[in-house]
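The structure appears below as structure tokens.
The values are calculated or read from the model by the stated rules, or taken from the named source; none is laboratory data. Fair warning: this is a prediction, and the values are worked out from it, not measured in the lab. Note that each Cβ is placed from the backbone with ideal geometry, even for glycine, and that neighbours are counted across all protein chains shown.
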Amino acid sequence: MNAFQGKLQPAVVVHHVTISGGRDYPVVIDSLKTLPTWLGRLGLRQGRCLIVTDEHVARLHLAPLQTLLEATGWLPHVLVLPPGESTKALPYLERIYDEALRWGIDRRTPVLAFGGGVIGDLAGFAAATLLRGLPLVQLPTTLIAQVDSAIGGKTGINHALGKNLIGAFHQPALVLADPSLLQTLPEREWTSGLAEVVKHALIGDPALFELLETRWQDVLQRTPALLPELIARAAAVKIRVVAQDEREVGLRAILNFGHTFAHAIERVAGYGHFTHGEAVALGMLAALWLSHQRHPDLPFDRIRTLLQRLPVSASPAPLNFEALREAMQVDKKTLAGRLRFVLLRRLGEAYLTDKVTEAELQAAWRFACESRRTVVSF
């Protein structure tokens, strides 16, 4: 039985993302079986739709999705791509362009991004640029995508100089997150996604932080009754921020807590050595140290304890700090040559600063490495 064919555990949760210009779209936490209903509510014309997915998701979940769409009047064309971060690159973007244009799309053909963050970013960028913009439907299948990357309209691909340096803002028409799909995730992908849940708790929801502290074993075990609340609370943080700052000119930058180090870690270690969530877990430890130097009242030990619970598959110690520092310089948050970091003022409140010294950076990295002496292998 495919995951979304089973009995739906959660109650339906619907958030609405309202952004400038009166634009609004739903973020729905419900069974994937409700997709045709939602497509109809949004006024998307029945007919051709382009599904972009990867080999792992296709093997587990593609057949019932195709059957569901075909039974409700849709004609899906499927493009299955290799899994992994290396797919978020120009050759695969061109492959989507070629398939879509040869098939005969028009400006009302929706693109369904059925996968994790890589597929969501890649297919989203294709939707943003094909015929100057196609409707985008995000169907996230990983935790990191359901609570973060599928929401907010960031799309793009990687460049040799860094992650996500080529892209566009293109808001989806719908985000439909089915919690039951998360039961099929490999353990490493599940725990990687938890890093973004923890991040959202730290920057915007102390109650979510307490839930994670008190029910960590249930979280690790993916207790079905807990998943809707976990996803809904974490997604709500992202939604509140995006609604106030669609294009990251100010507040939205707080969503990058831990990411200045994380993106550098991924690049220096080689994409795939650490998952994105593992790199973020390390980056958040460094950011915690920097935060505590400025705000001694921060509940340092509680936060560090939770961050240390996030499994990381390899030791960060062999990574060269100078190489990390060089990689940080091309991070998108760098402004006028100055690195900017997201720090915590208190639990649930984050801010952006460029007042971090080189000595502090090195000390923060040492702290992150020392905090991860115990490595969890998968």
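At a glance:
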| read-out | value |
| --- | --- |
| Every residue from the stretch 212-225 that is farther than 18 Å from Pro179 by Cα and touching a helix residue (DSSP H, G or I) at 6+ places or on another chain (Cβ under 9 Å) | Glu213 |
| Close pairs from the stretch 109-121: first among the acidic types (Asp, Glu), partner part of a helix (DSSP H, G or I), Cβ under 7 Å, at least 6 apart | Asp121/Ser149 |
| Number of positions in the stretch 75-123 that are in a loop (DSSP other than H, G, I, E, B) and of a type outside the set (A, V, I, L, M) | 11 |
| Of all residues in the stretch 135-192 being more than 20 Å from Val28 (Cβ to Cβ) and of a type in the set (A, V, I, L, M, F, W, C), the one that is surrounded by the fewest Cβ atoms within 10 Å (Cβ to Cβ) | Ala160 |
| Cross-chain or 6+ apart pairs with Cβ under 9 Å, the stretch 62-82 first and under 19 Å from Leu181 (Cβ atoms), then of a type in the set (Lys, Arg) and surrounded by 13 or more Cβ atoms within 10 Å (Cβ to Cβ) | Pro64/Lys33; Leu68/Lys33; Pro76/Arg48; Leu81/Arg95 |
| Test for Leu176: is it modelled with pLDDT of 95 or more, touching a strand residue (DSSP E or B) at 6+ places or on another chain (Cβ under 8 Å) and outside any helix (DSSP H, G or I) | yes |
| Verdict on Ala269 being outside the structural domain of Ala323 (by TED's automatic domain parsing) and either more than 17 Å from the chain's Cα centre (by Cα) or at pLDDT 95 or above (or both) | no |
| Residue ID - nearest to Leu290 (Cα to Cα), chosen from residues in the stretch 354-365 that are surrounded by fewer than 16 Cβ atoms within 10 Å (Cβ to Cβ) and touching a residue at least 40 places away in the same chain (Cβ under 8 Å) | Ala363 |
